[in-house]
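The values are calculated or read from the model by the stated rules, or taken from the named source; none is laboratory data. From a predicted model like this one, the values you see are computed outputs, not experimental measurements. Cβ sites come from the backbone with ideal geometry, for glycine too, and all protein chains shown count toward neighbours. Ligands, DNA and RNA are excluded from the accessible area calculation, which covers all protein heavy atoms including side chains. Shrake-Rupley method; radii C 1.70, N 1.55, O 1.52, S 1.80 Å.
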Amino acid sequence: MGVKRHLLSTADLLLDDALLVLDTADRMARVADAPVRKLPTLRGRTVVNLFFEDSTRTRTSFEVAAKRLSADVINFSARGSSVSKGESLKDTAQTLEAMGADAVVCRHSASGAPHRLASWVRGSVVNAGDGTHEHPTQALLDAFTIRRRLGRVDGLAVTIVGDVLHSRVARSNIWLLTTLGAQVTVVAPPTLLPLGIDGWPVGVSYDLDAVLPKSDVVMMLRVQRERMSAAFFPSEREYSRRYGLDADRAALMPEHALVMHPGPMVRGMEIASSVADSPRSTVVDQVANGVSVRMAVLYLLLGGGTDRETT
Ligand code: CP
């Protein structure tokens, strides 16, 4: 059993592969608690962070993850690079590969960009978020966080709230959590649900208050203004009134239930500060767990798999 050469999507991640990543991340998490937080596993390997969109958590946690595995890291940001002179994704990637990249971690505003990249480079490609398509390591770290806090994912009721239409986090989580045996419900204004949602393996509701008491996990999404070309709701105040998670709403959740947010959060609109900073919030855990999960992904793609398949 081994993960594939690339990690581009959770839609095609088999249950055994997903569990392998989560179990490996459990082992990687122990490194964070050790006196020397470093393993020699990827010594001599090079990981390139190729980011064409802004990022705080994903880029830095891939960098920390690679360094904890002793890999060399090259951070490439489109801003300030020759992309501004018109250099293409293919030429940029091949330039970085010529410098010895064994893995390319790619974030891009175009859905499908990491898939194209995978056909151009010899190394492994990890999708760090492509347009509105997928963000597989976010979903893996979310599943890892749920499993650590609640002991399992199988059989849990997970509610995903907000801008599902533009959310790669929602898509990756829906595919992965379903594979892991969770029942997923999405709650959003009708304008922020994708066409064809009826064919997805999720329940759909427009009534957050009705769904909260039945939820083991409530995952809030960021409203992605940068991907909106029109008005999708009347006002921020109206959105917050119907779909924001404030303290009164959070009180409707079962005592054990978690509140998650992938970040960056828009406090006061999607989620009240009192909820985001409450003991049931996993926001900070998600960031810490992101390092362990990304260590696991890099380890399995570059160092740990003995029978790597190709996509
Ligand atoms: N959750 C997430 O992808 O955050 P960044 O955009 O900061 O990487």
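A few notes on this one:
- Only Cα pairs under 8 Å and 6+ residues apart enter the sum, and on that basis the relative contact order of region 136-283 stands at 24 percent.
- Contact order normalised by residue count of the chain, Cα under 8 Å, 6+ apart, percent: 23 percent
- Legend: helices of the chain (whole DSSP H runs) are marked when their alpha-carbon atoms reach 20 angstrom or more along the helix axis and their mean Kyte-Doolittle hydropathy is at least 1.0; marked are 283-298.
- Annotation note: trypsin sites (Lys or Arg not before Pro) in region 103-159 located in DSSP loop regions with a Cβ neighbour count of at most 11 within 10 Å are Arg122.
- Stretching Arg148 away from Arg237 to a fully extended chain increases their span by 28.6 nm, per 0.36 nm per residue minus the current alpha-carbon distance.
- Förster radius 45 Å - calculated FRET efficiency between Asp246 and Ser81, Cβ distance, rounded to 0.05: 0.60
- For region 3-40, the set of trypsin sites (Lys or Arg not before Pro) satisfying both a DSSP loop assignment and a count of at most 16 other C-beta atoms within 10 Å is given as Arg37, Lys38.
- Rounded percent of accessible protein surface that carbon and sulfur make up, the chain, 1.4 Å probe: 50 percent
- Only Lys, Arg (+1) and Asp, Glu (-1) charged, at Cβ; the chain dipole about Cα centre in debye: 780 debye
- Net length gained if the chain between Arg225 and Thr60 were fully extended (0.36 nm per residue, minus Cα distance): 57.1 nm
- Here's how it looks for Ala128: its modeled amide H is under 5 Å from those of Cys106, Arg107, which are all 5 or more places away or on a different chain.
- Over region 136-283: Rg over Rh, Cα atoms, Kirkwood Rh: 0.92
- When +1 charges are put on Lys and Arg Cβ atoms and -1 charges on Asp and Glu Cβ atoms, the dipole computed for region 136-283 relative to its Cα centre reaches about 320 debye.
- Per-residue ellipticity at 222 nm, computed for the chain from helices alone with -39500 (n - 2.57) per DSSP H run of at least four residues, works out to -10500 deg cm²/dmol.
- Label point of Asp33 set 7 angstrom out along Cα-Cβ; within region 119-147, amide nitrogens under 20 Å from it belong to 141-147.
- A convex hull fitted around the alpha carbon atoms of region 38-123 yields 89 Å³ per residue.
- Candidates Val36, Val275, Val223: whichever shows maximal mean-square fluctuation once the chain is modelled as a Gaussian network with Cα springs under 10 Å: Val36
- Computed E for Val204/Asp26 - FRET, C-beta separation, R0 35 angstrom, nearest 0.05: 0.60
- Per residue accessible area in Å² of region 109-251, where ligands, DNA and RNA are left out and the probe is 1.4 Å: 38 Å²
- By DSSP, the beta bridges lying fully in the chain are antiparallel in about 5 percent of cases.
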